[in-house]
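Below is one structure, written out as structure tokens, with a few remarks after it.
A short reminder: the numbers here are calculations on the coordinates, not readings from a lab. None of the values given here were measured: they were computed from a predicted structure. As a convention, Cβ positions derive from the backbone with ideal geometry for all residues, glycine included, and neighbour counts pool all protein chains shown.
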Amino acid sequence: MRSLACWGMGIVIPAVLLLGCSGATDGPPRYELSGKALYEGQPIPFGRIMLEPDTSQGNKGPGSVADIKNGFYQTRSDVGHTGGNFRVTIMATDGTKPASADVDNSLFAPYQTTLKLPEEDSVHDFDVPRK
């Protein structure tokens, strides 16, 4: 009986793994976005880029987010952008842990801009100016 149970698990587990890795996802296709993230021409040490569909421009797709590390960012294709017009918010810190809750290590106030992305993987560099 034990060999029958092991044989059954030998079929069930690979089948579950195959279904879980098939790449099928719900919703529209997603694309990677990557590039440099700079502040006054210098690499942003640590931060985040948030892409929000610009509904006023007809984009009703899902949003996306990318972490910034050492001046570079990249979304993952499974949670990347869908193409179209986006409102972009960039937040950044100097990469250090604040000594207390009273310390703010942000490099700048959240920076907002807009961006039109193609329906394909793409590269876009951001350079946040001093306000």
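Proximity of backbone amide H atoms, modeled 1.01 Å from N, is registered between GLY95 and PHE46 at under 5 Å, excluding neighbours fewer than 5 places apart on the same chain.
Hey, can you grab everything whose amide H is under 5 Å from the amide H of PHE108? Only 5+ residues off in sequence or another chain; H modelled, so Pro and N-termini drop out. Hits under the 5 Å cutoff: ALA92.
When you count the other C-beta atoms within 10 angstrom of each residue and take the mean per peptide, 65-71, 118-124, 43-49 line up highest first as 43-49, 65-71, 118-124.
Here is the P(r) of the range 29-121: all C-alpha pair distances, binned every 10 Å from 0, give 18, 45, 28, 9, 1 in whole percents. Taking the range 29-121 as the region of interest, the number of lysine pairs whose Cα atoms are within less than 22 Å, with members eight or more places apart or on different chains, is 4.
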